[in-house]
Amino acid sequence: MCYTRGRDGPFLFGDHMDDPSAKSAELLERIAAAPSPAALDEIRIELLGRNGMITLAMRELRQVAPEERRALGARLNALKDQITDAIADAGERLRLAAVSNRLAGERADVTLPVRAGETGRIHPISQTIDEIIAIFGEMGFAVAEGPHIEDDFHNFTALNIPPEHPARQEHDTFYLPERPDGSRLVLRTHTSPVQIRTMMRRSPPLRIIVPGRTFRCDHDATHSPMFHQVEGLVIDRTTHMGHLKGCLIEFCRAFFDVDDLPVRFRPSYFPFTEPSAEVDIGCSRAGGELKIGPGGDWLEILGSGMVHPKVLQNCGVDPAEYQGFAFGMGIERVAMLKYGIPDMRPMYESDLRWLRHYGFVPLDIPSPVRGALVGPAS
Ligand code: DAH
């Protein structure tokens with residue numbers, strides 16, 4: 001030991017204290033050999049703690065004759081610094097050793113089987129939208145979007161539905177409170193206003209589909225106040241009714257996955273198309289069971305037509321130069337038909353039992369939405 005406890009406390013002046021380097025070598029060796037952070041801490045307390053060897057020795061200095069105190073003090077300070085540094089180094093070494101030890105023990109075994117986690121389901125509406133986008137995406141359509149809150153011009157007037165037009169009543173519109181100028185915004189009643197926004201912002205040729213939410217004041221087994229539509233619009237110099245028919249027949253057969261699906265175009269009326277046609281697909285209802293495919297019966301699934309020249313004009317597109325076709329389809333309706341969902345209301349009730357039953361297991365493939373999105377039309 002470097003010092004011995006005498007009557008009045010520890011003495012600095014053992015034989016060793018004349019040779020602090022010998023003493024420090026021994027202490028430093030102990031520090032360097034500390035096997036764990038806890039052992040190192042014990043040594044720190046033993047040397048530098050409140051009653052530690054060095055601390056007490058410093059205190060004892062007061063008893064040393066002034067002529068010796070200075071030199072002894074300097075040596076003691078140097079020893080204290082050495083010990084402090086050595087403890088810090090040893091601490092760092094032990095910390096690094098602990099980290100590499102842990103890393104060695106934690107090596108990942110990539111051959112272990114994957115733990116099956118709980119995965120959610122894709123809602124049938126999202127699934128149907130993705131399928132529709134994928135089919136039209138292959139035909140060169142891009143996806144466009146527009147706002148849910150619309151003004152009268154985009155939702156009605158520009159689509160050739162003037163204020164007194166009866167089609168306005170049919171839409172069961174949700175109106176927002178009157179604005180200072182007397183006008184009222186609406187929750188869009190269909191996705192058709194995005195036709196207008198797209199034609200006003202981009203020049204033809206255009207080939208877009210617009211999947212999105214729409215709103216009407218209506219609620220029963222086949223109507224919800226919020227529902228989804230997909231709009232389609234093609235504008236080019238030579239686009240004609242044959243393109244409309246080819247495109248929609250192709251879509252219906254791909255979507256319902258029935259190669260020989262009969263598709264019928266029935267004359268109809270929409271203010272924004274001329275001529276207009278409703279599209280029916282073949283089905284059978286034999287034995288009270290609805291089956292999509294050849295079967296002698298028909299199911300209406302979408303509205304379509306050649307874009308009315310007035311609509312083109314309203315958007316600054318010259319009808320003498322350009323023409324095109326448009327269509328609109330209820331997404332809930334085709335989802336219900338394709339996946340045998342009898343009632344629309346539970347679609348928005350977030351009942352997990354319904355979602356587990358009708359939802360889709362996500363596949364690890366990139367969503368077609370991301371690839372095809374061209375961003376908002378406005
Ligand atoms: N907007 C119509 C509706 O909500 C659907 C529709 C029919 C859209 C014919 C069209 C179309 O673009 O050409 O009932």
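Miscellaneous remarks
- Here residue 307 fulfils each of the conditions (1) away from the ligand (no atom under 16 Å from the Cβ); (2) buried (at least 20 other Cβ atoms within 10 Å of the Cβ); (3) of a type in the set (A, V, I, L, M) apart from (1).
- All conditions in (1) of a type outside the set (D, E, K, R); (2) within 29 Å of the chain's Cα centre (by Cα); (3) on the phi > 0 side of the Ramachandran plot hold for residue 182, with the sole exception of (2).
- Filtering segment 207-260 to residues that are of a type in the set (Ser, Thr, Tyr) and within 27 Å of residue 309 (Cα to Cα) leaves 214, 238, 239.
- Residues being surrounded by 13 or more Cβ atoms within 10 Å (Cβ to Cβ), modelled with pLDDT under 90 and more than 60 Å from the chain's Cα centre (by Cα) are represented in segment 31-54 by at least one member.
- Yes/no for residue 113 being within 23 Å of residue 332 (Cβ to Cβ) and either touching a residue at least 12 places away in the same chain (Cβ under 8 Å) or surrounded by fewer than 19 Cβ atoms within 10 Å (Cβ to Cβ) (or both): no
- Single residue of 320, 335, 326 found to be crowded, with 16+ Cβ neighbours inside 10 Å and away from the ligand (no atom under 16 Å from the Cβ): 335
- Scanning segment 312-344 for residues being modelled with pLDDT of 95 or more, under 34 Å from the mean Cα position of the chain (by Cα) and more than 23 Å from residue 248 (Cα to Cα) gives a total of 0.
- Residue list for segment 270-289, filter: farther than 17 Å from residue 260 by Cα and assigned to a strand (DSSP E or B): 270, 273, 274, 275, 276, 277, 278
- Cβ-Cβ distances below 8 Å connect the following pairs, each with a first residue in segment 245-272 that is of a type in the set (S, T, N, Q), a second residue that is in a strand (DSSP E or B) and within 14 Å of the ligand (Cβ to nearest atom), and a separation of six or more residues or different chains: 268/276; 268/277; 268/278; 268/303; 268/305.
- Complete set of residues in segment 95-118 that are of a type in the set (A, V, I, L, M, F, W, C) and closer than 30 Å to residue 35 by Cβ: 96, 97, 98, 99, 103, 104, 108
- Check on residue 342, within 11 Å of the ligand (Cβ to nearest atom), out of contact with any Gly (no Cβ under 8 Å at 6 or more places or on another chain) and assigned by TED's automatic domain parsing to the domain that holds residue 128: no
- Every listed requirement among (1) more than 10 Å from the ligand (Cβ to nearest atom); (2) modelled with pLDDT of 95 or more is met by residue 291 save one, (2).
- Within segment 44-59, none of the residues are assigned to a loop (DSSP other than H, G, I, E, B) and either more than 29 Å from residue 31 (Cα to Cα) or in the same structural domain as residue 215 (by TED's automatic domain parsing) (or both).
- Selection status of residue 96, touching a Pro at 6+ places or on another chain (Cβ under 7 Å) and modelled with pLDDT of 85 or more: no
- The residue that is nearest to the ligand (Cβ to nearest atom), among those in segment 185-230 that are part of a helix (DSSP H, G or I) and surrounded by fewer than 20 Cβ atoms within 10 Å (Cβ to Cβ), is 200.
- From the list 193, 147, the one residue that fits, being within 24 Å of residue 334 (Cα to Cα), in contact (Cβ under 8 Å) with a residue 60 or more places away in the chain and in the same structural domain as residue 244 (by TED's automatic domain parsing), is 147.
- Filter pass, residue 25 being small (Gly, Ala, Ser), more than 30 Å from residue 349 (Cβ to Cβ) and touching a residue at least 24 places away in the same chain (Cβ under 8 Å): no
- Restricting attention to segment 235-275 and to residues that are within 35 Å of the chain's Cα centre (by Cα) and aromatic (Phe, Trp, Tyr), the residue that is surrounded by the fewest Cβ atoms within 10 Å (Cβ to Cβ) turns out to be 256.
The values are calculated or read from the model by the stated rules, or taken from the named source; none is laboratory data. Here the structure is a predicted model, which is why all the values come from computation and not from measurement. Please note: Cβ atoms are built from the backbone with ideal geometry, for glycine as well, and neighbour counts cover all protein chains shown.
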